[in-house]
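Here is the structure we will look at, set down as structure tokens.
The values are calculated or read from the model by the stated rules, or taken from the named source; none is laboratory data. Here the structure is a predicted model, which is why all the values come from computation and not from measurement. Cβ sites come from the backbone with ideal geometry, for glycine too, and all protein chains shown count toward neighbours. Surface areas here come from the heavy atoms of the whole protein model, side chains and all, with no ligands, DNA or RNA. Shrake-Rupley method; radii C 1.70, N 1.55, O 1.52, S 1.80 Å.
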Amino acid sequence: MRKQHIEVGDFIRNPENGLVGVLKKEDNRENYYVEGYHEYAGKWQTAGGSLKDYQT
């Protein structure tokens, strides 16, 4: 199976809960996170990690 290439601005879907957000990167750091908006829960954001953490 071929790994998918992802980059900042791509939509990311969490397979555990189905939430979809946009991959973002902190300025001047190699820390990536996903931020999105849910109809009922409002704005949400992951804790963050390396780009490798978001590869499938």
With respect to E35, is the statement that it is charged (D, E, K, R) and open to solvent by less than 50 Å² (accessible area, probe 1.4 Å) true? yes
Out of region 28-38, which residues are on the phi < 0 side of the Ramachandran plot and either within 8 Å of the chain's Cα centre (by Cα) or at pLDDT below 90 (or both)? R29, E30, Y32, Y33, V34, E35, H38
For the list (1) modelled with pLDDT of 90 or more; (2) surrounded by 14 or more Cβ atoms within 10 Å (Cβ to Cβ), I need the number of the one condition that G9 fails. (2)
Filtered residues of region 12-32 (kept if surrounded by 11 or more Cβ atoms within 10 Å (Cβ to Cβ) and without any contact (Cβ under 8 Å) to a residue 12 or more places away in the chain): R13
Please go through region 7-56 and give me each residue that is basic (K, R) and not in a loop (DSSP other than H, G, I, E, B), ordered by number. R13, K24, K25, K43, K52
Does Y54 satisfy the criteria of being in contact (Cβ under 8 Å) with a residue 24 or more places away in the chain, out of contact with any helix residue (DSSP H, G or I) (no Cβ under 7 Å at 6 or more places or on another chain) and aromatic (F, W, Y)? yes
